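Report on the following structure.
The values are calculated or read from the model by the stated rules, or taken from the named source; none is laboratory data. The shown structure was predicted, so the numbers you read here are calculated from the model rather than taken from an experiment. Methodologically, a virtual Cβ is constructed for each residue, glycine included, from the backbone with ideal geometry; neighbour enumeration extends over all protein chains shown. Accessible surface areas use protein heavy atoms only, side chains included; no ligands, DNA or RNA. Shrake-Rupley method; radii C 1.70, N 1.55, O 1.52, S 1.80 Å.
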Amino acid sequence: MTPGMERLAEWRTDPVQFVRDQFSVEPDRWQVKALRAYARGDAMRLRLAMQACVGPGKTAVLAWIACHFMVCFCGPNGRHPSGLAISESRDNLRDNLWKEIAHWRGQSKLLTAEYDITNSRFFKRGHEKTWFIAARSWPKKSNLDALGRTLAGLHSDFILYLIDESGDIPPAVLRAAEQGLSNCVWGRIVQAGNPTSADGMLYDAVTNQPDKWVVVRITGDPDDEDRSPRIDVTWAQEQIDQWGRTNPWVMYAILGQFPPTAVNALLGPDDVYAAMGKHLRADQYSFSQKRIGIDVARFGDDATVLFPRQGLAGFNFVEMRNADGIQVGTRIIAGKQKFGSELELIDDTGGHGASTIDYCKLQGVNIMPVNFSGSADDPRFYNKRAEINWRAAEFVKNGGALPYSPILAKEALAVRFTYKNGKMIVLEKDQIKANLHGHSPDHWDAFCCTFAVVDLPARAGGGQPGDLPGAPSSQVKSDWDPFADGR
């Protein structure tokens, strides 16, 4: 079963042929490029970074490299190959890269006969302690020294470090790998990830250290002949046509590019404060439906917030503390009469708005509950929370006006997002609260509630309750308060 030396020598310099022979598959064009870069003959030590769009088959390439390394690199006198593998989390390593290695091992008669894989080790049978790739995890809450020791402990002439989903892994994790690479005869650091963060090692490699890394960029761009065929070309073109090539989601998920600003920040300070300094004419918003978003306090230190909006105009919010469901409901009804709102939407995640909803219903006012953890209308988003945060951010970026409020600005800027199963997901309310040092994002969440359904035209007839008393016809100030009387 063990191949001859000539065959091993051929495979060592040609991992593409190794993949064909062992797994009976033909790699995609970009996969061929990545495999050949990994095996570049003029480099005894090499760093390879794969910057990928979503779903192109990058984890399969890492698994092929793991198998190739285990089979093809062994020197005389027991000089066995050693490697380490990490991912963004222990669960991700187990469910993705490690599962992929196990799958491809099972597709090869040679690997099945001579190599085993457990939950933590992929090894040559009979040489578990010296001929292996071991699974590791990195301590997310540790200091830089602890992070730097994540990939420590390898002592071999042949060394491989495999890093999956590297977009969100701190660059400090590479410290020991760099040292290991300098002390071996032949070594590779191979990372693969999506361009999701400007703070991760992928961004650091391709942006700050391009002279040290060989970078293979993987795209689903319909116009690129080397695109991954695993990304449906019709779907990709539809998304580009709908959202544009500079849309952050399109850049990350389809084009495999880093957006020009930090991808994990929903809004920047310039965006928020520009919206807070904006004044609008009535004809820029008056054709839209009036609505009020409500976030009900969950705990004693949190605030209940009522946030009125009409199209591109966000008005002053009302903040209530230590109010029960009847008091909140009474305030909503008063605001509805004064503002003339047609739709009231309340955060009912976990049932916190139930008493207010029930009271308003008894008074003949039906409030729409919004479940932040529910399903999104748009399949790009993991849940409703992500979808309404995205819509709120688009409002800010596309000319919307917000009332001036340092608290609201702080909350808006604290929102972060990442991707889960290829869909955008926003940090949960309690996670954002931790980022705000215990302050809950009540004001921003109330504002986001107004985006739970798409904007609709205002009701016909004109002169409805809520027309702006005393406001000049040519301009409306975004700090006008529809709840000012009887506060």
**Asked** Among the residues of the stretch 32-39, is there at least one that is free of Cβ contacts under 8 Å to residues at least 24 places away in the same chain and either open to solvent by 10 Å² or more (accessible area, probe 1.4 Å) or not polar (S, T, N, Q) (or both)?
**Response** yes
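For the stretch 207-227, does any single residue satisfy the condition of being farther than 25 Å from PRO259 by Cβ and either open to solvent by less than 40 Å² (accessible area, probe 1.4 Å) or among the basic types (Lys, Arg) (or both)? Talk me through it step by step, then tell me what you get.
Pass one, the stretch 207-227, residues farther than 25 Å from PRO259 by Cβ: none.
No.
Of everything in the stretch 138-166 that's under 21 Å from the mean Cα position of the chain (by Cα) and modelled with pLDDT under 90, which residue is most open to solvent (accessible area, probe 1.4 Å)?
Of everything passing the filter in the stretch 138-166, LYS141 is most open to solvent (accessible area, probe 1.4 Å).
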**Message:** Here are the criteria: (1) open to solvent by 30 Å² or more (accessible area, probe 1.4 Å); (2) under 17 Å from THR356 (Cβ atoms); (3) under 32 Å from the mean Cα position of the chain (by Cα). Tell me which single one LEU312 does not satisfy.
**Reply:** (2)
**Fill in**
By residue number, the members of the stretch 408-428 that are open to solvent by 10 Å² or more (accessible area, probe 1.4 Å), of a type in the set (A, V, I, L, M, F, W, C) and under 25 Å from ASP91 (Cα atoms) are PHE417, ILE425, LEU427
**Asked** Residue check, ARG175 against (1) in contact with a Leu (Cβ under 9 Å, 6 or more places away or on another chain); (2) crowded, with 21+ Cβ neighbours inside 10 Å, all met but one. Which one?
**Response** (2)
**Message:** Please pick out the residue among ARG47, ARG105 that is open to solvent by 10 Å² or more (accessible area, probe 1.4 Å), among the charged types (D, E, K, R), touching a Lys or Arg at 6+ places or on another chain (Cβ under 9 Å) and at pLDDT 95 or above.
**Reply:** ARG47
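Is there a residue being more than 19 Å from LYS423 (Cα to Cα), in contact with a strand residue (DSSP E or B) (Cβ under 7 Å, 6 or more places away or on another chain) and open to solvent by less than 30 Å² (accessible area, probe 1.4 Å) anywhere in the stretch 242-251?
no
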**Positions within the stretch 242-287 being over 19 Å from ALA386 (Cα atoms) and among the acidic types (Asp, Glu), in sequence order** = ASP270, ASP283
